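The values are calculated or read from the model by the stated rules, or taken from the named source; none is laboratory data. Quick caveat: nothing in here was measured; it's all calculated off a predicted structure. Don't worry about glycine lacking a Cβ; one is built from the backbone with ideal geometry, like all the others, and counts go over all protein chains shown.
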Amino acid sequence: MTEKKIIGLLTIGQSPRPDMTADLNPIFEGKAEYIEAGALDGLTKNQVESMKPEPGEHFLVTRLADGSMVTLAARHLSDLMQQQVSRLEAKGASALMILCTEAFQPFDCSIPVIYPNDVLKVLVPIAAPDGHIGVILPEAGQMEDFAEVWKQVVPNVTAAHGSPYAGDGSLEHAAKSFAHTDVGLIVLDCMGYSSGQQELVSELSGKPVLLSRTLAAKVLMELI
């Protein structure tokens, strides 16, 4: 019997992330095992609080181990994530997947690393040949920033916001906003979105929807 590979899963928040692995387990099942880590693992609430973004600063959204949502200034994360990358590699991971769609600089390690941002940036222009995509982000304050990033990939971007965590109806509203537009494809630009939310957005918008977490996982499985 072929020995299962060990995959390292690294979130920008705290581990474990059962909300994410629920969608990943069917992809990994029988082929790989995984170990989890988070950039904020071991940090106190006060330490996490100190990482909140300043007004107008580029920020990301994630979850803590207790399930609560937090916003973090992206500039705080790279060093913390590098520490966890090194730990996961030392624990025997043969490949890593970053559980975030941010465009991180490559981390220092000797094993393959799947960056969902890279997967999306290659696939989206192929999947949306008309060049007009919709992008859904967790927070309204991210829309302008991330829309500009996506305009480097495709010529026409329409952004909306809908939380994967809050259950406040914002995701449904975002999906419906694309229903009568010429958007050809919707990208859920956060690893927090689930397969159930992918189905919901597709149903309410009438558009094909790309889910970051499962796309990245399937690419990873091709490599191991």
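Selection over segment 132-152 of residues that are free of Cβ contacts under 8 Å to residues at least 24 places away in the same chain and of a type in the set (S, T, N, Q) gives a count of 1. Got at least one residue in segment 169-178 being at pLDDT below 95 and either out of contact with any helix residue (DSSP H, G or I) (no Cβ under 8 Å at 6 or more places or on another chain) or surrounded by 21 or more Cβ atoms within 10 Å (Cβ to Cβ) (or both)? No.
Scanning segment 1-22 for residues that are under 25 Å from GLY167 (Cβ atoms), under 13 Å from the mean Cα position of the chain (by Cα) and in contact (Cβ under 8 Å) with a residue 40 or more places away in the chain yields LEU9, THR11, ILE12, GLY13, ARG17, ASP19, MET20.
If you go through segment 68-76 one residue at a time, do you hit one that is within 16 Å of the chain's Cα centre (by Cα), on the phi < 0 side of the Ramachandran plot and in a helix (DSSP H, G or I)? Among the residues of segment 68-76, at least one is within 16 Å of the chain's Cα centre (by Cα), on the phi < 0 side of the Ramachandran plot and in a helix (DSSP H, G or I), which makes the answer yes.
Residues that are within 22 Å of MET143 (Cβ to Cβ) and acidic (Asp, Glu) within segment 99-117 comprise just one, GLU102. No other residue among SER86, SER94, SER110 is surrounded by 15 or more Cβ atoms within 10 Å (Cβ to Cβ) and of a type outside the set (A, V, I, L, M) apart from SER94.
Assessment of segment 201-215 against the conditions (in contact with a helix residue (DSSP H, G or I) (Cβ under 6 Å, 6 or more places away or on another chain), of a type in the set (Lys, Arg) and touching a residue at least 12 places away in the same chain (Cβ under 8 Å)) yields at least one matching residue. All told, THR62 falls short of being modelled with pLDDT under 95 and either of a type in the set (Gly, Ala, Ser) or out of contact with any helix residue (DSSP H, G or I) (no Cβ under 8 Å at 6 or more places or on another chain) (or both).
Residue-wise test of (1) surrounded by fewer than 19 Cβ atoms within 10 Å (Cβ to Cβ); (2) under 16 Å from the mean Cα position of the chain (by Cα); (3) not assigned by TED's automatic domain parsing to the domain that holds LEU72.
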site: GLY184; (1), (2), (3): yes, no, yes
site: VAL187; (1), (2), (3): no, yes, yes
site: MET191; (1), (2), (3): no, yes, yes
site: LYS218; (1), (2), (3): yes, yes, no
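Looking at segment 35-63, which of its residues are over 17 Å from the mean Cα position of the chain (by Cα) and either surrounded by 21 or more Cβ atoms within 10 Å (Cβ to Cβ) or in a strand (DSSP E or B) (or both)? Correct list: ILE35 only.
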